Amino acid sequence: MRQLRDLLQEAQQNGKALGHFNVSDLVLLKAVFAAARELNVPVVVGLSEGEREFVGTRQIAAFVRNLREEFDFSIFLNADHTHSLAKGIEAAKAGFDSIVFDLSSLPIEENMRQTKQAIEALKAINPSMLVEGEIGDIGTGSEIHDSSPDLSKGLSTPEEARQFVEATGVDILAPAVGNMHGMLRSMVKGETKKRLDIERISSIKKAAGVFLTLHGASGTDDEDLRKAIGAGINIVHINTELRVAWRRGLENGLAKQPDEVVPYKILPSVVNSVRDVVGSRLKLFNGTQLVQKA
Ligand SMILES: [Zn+2]
């Protein structure tokens, strides 16, 4: 089985990005896996600390490992937004392929110091685990927000990116470039879109020279996403769009069969709803022409 690092390298050479989708139950995992298999593209599933707490860190690792082996398919597992080394070590021991070590709320010097320490500890457990560091402010909570936080002061600069990568040795960097966790109500309705600072991405890529992740990409303008990948983004995170699709799929499934109590007769409606969103995003990230939004 090929390593995540190789697939990132290959995607970068081909002007593509890997899709990263958060899962917190079996239905979401089934939907992400089905969409990736349909398109035959590699995929990353991620779980934040809260998502891991719900599903079980070792349990999700066993599930994903099994899918990878049984179907000989490139599906990878990421420990998303991990705020303590203890949680990171737990994920590394469970066999996660990568980790987002997120101390972006700390002053940057402290962020650099602790991230460097974490990398040493994590690579001692699994040398091939990729470690991602975070700088800047992209807000918190992959959910629906009433108003937009002012993130303009938290945008990452190329100089800061260069310093951070040099000081820590991270494999992947997540900058703040106009992206934001969660979606505004108007974005869920499709009335507004997030816009990205493409110039900033290009300069950060040049300065940092490592793989770049775009967090909080739900509700972003499609053309901006294409340009961002062209400018050096290698991994794109989608969570809130999946959660919206999950809820709508569930509501539809229940409404269509008011007397049904069999989960596996109700939940396919959720799988289909989420799979459509994942498929649409994977096509976009992999440069496929069929990019109609689901
Ligand atoms: Zn994120």
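The values are calculated or read from the model by the stated rules, or taken from the named source; none is laboratory data. What you see is a predicted model, and the numbers here were worked out from it, not measured in a lab. FYI the Cβ positions are ideal-geometry reconstructions off the backbone, even for glycines, and counts take in every protein chain you see.
Looking at 156, 148, 152 in this structure, which one is on the phi < 0 side of the Ramachandran plot and surrounded by 16 or more Cβ atoms within 10 Å (Cβ to Cβ)?
Numbers: 148 fails: surrounded by 16 or more Cβ atoms within 10 Å (Cβ to Cβ); 152 fails: surrounded by 16 or more Cβ atoms within 10 Å (Cβ to Cβ).
Unique residue meeting the criteria: 156.
From the list 56, 88, which one is more than 14 Å from residue 23 (Cα to Cα) and over 14 Å from the mean Cα position of the chain (by Cα)?
Values: 56 fails: more than 14 Å from residue 23 (Cα to Cα).
On inspection, the qualifying residue turns out to be 88.
Looking only at the range 212-223, count how many residues are away from the ligand (no atom under 15 Å from the Cβ) and either in contact (Cβ under 8 Å) with a residue 40 or more places away in the chain or more than 21 Å from residue 182 (Cβ to Cβ) (or both).
Quick first cut of the range 212-223, residues away from the ligand (no atom under 15 Å from the Cβ) only: 221-223.
Going one step further and asking which of them are either in contact (Cβ under 8 Å) with a residue 40 or more places away in the chain or more than 21 Å from residue 182 (Cβ to Cβ) (or both), we end up with 222-223.
Here the count works out to 2.
Taking interchain pairs and intrachain pairs at least six residues apart, which have beta carbon atoms under 6 angstrom, with the first residue in the range 4-24 and under 28 Å from residue 245 (Cα atoms) and the second among the aromatic types (Phe, Trp, Tyr) and modelled with pLDDT of 95 or more?
Correct list of pairs: 4/76; 8/211; 17/285; 19/285; 24/54.
Pairs only if they're at least six apart or on different chains, beta carbon under 7 angstrom, first in the range 131-144 and at negative phi and modelled with pLDDT under 95, second part of a loop (DSSP other than H, G, I, E, B) and away from the ligand (no atom under 12 Å from the Cβ); list them, first residue then second.
137/151; 138/151
Condition (residue is within 12 Å of the ligand (Cβ to nearest atom) and of a type in the set (Ser, Thr, Tyr)) applied to the range 140-150: is it met by at least one residue?
yes
Taking the range 91-117, which residues are of a type in the set (A, V, I, L, M, F, W, C), in a helix (DSSP H, G or I) and more than 17 Å from the chain's Cα centre (by Cα)?
Pass one, the range 91-117, residues of a type in the set (A, V, I, L, M, F, W, C): 91-92, 94, 96, 99-101, 103, 106, 108, 112.
Those left that are additionally in a helix (DSSP H, G or I): 91-92, 94, 108, 112.
Result: 92, 94, 108, 112.
Residues are listed down the side, and each one gets a yes or a no for (1) under 21 Å from residue 236 (Cα atoms); (2) of a type in the set (Gly, Ala, Ser):
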site	(1), (2)
37	yes, no
40	yes, no
45	yes, no
56	no, yes
83	yes, no
89	no, no
95	no, yes
109	no, no
127	no, no
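For residue 228, all conditions in the list (1) under 27 Å from residue 160 (Cα atoms); (2) away from the ligand (no atom under 16 Å from the Cβ); (3) not β-branched (Val, Ile, Thr) hold save one; what is the number of the exception?
Result: residue 228 passes all but (2).
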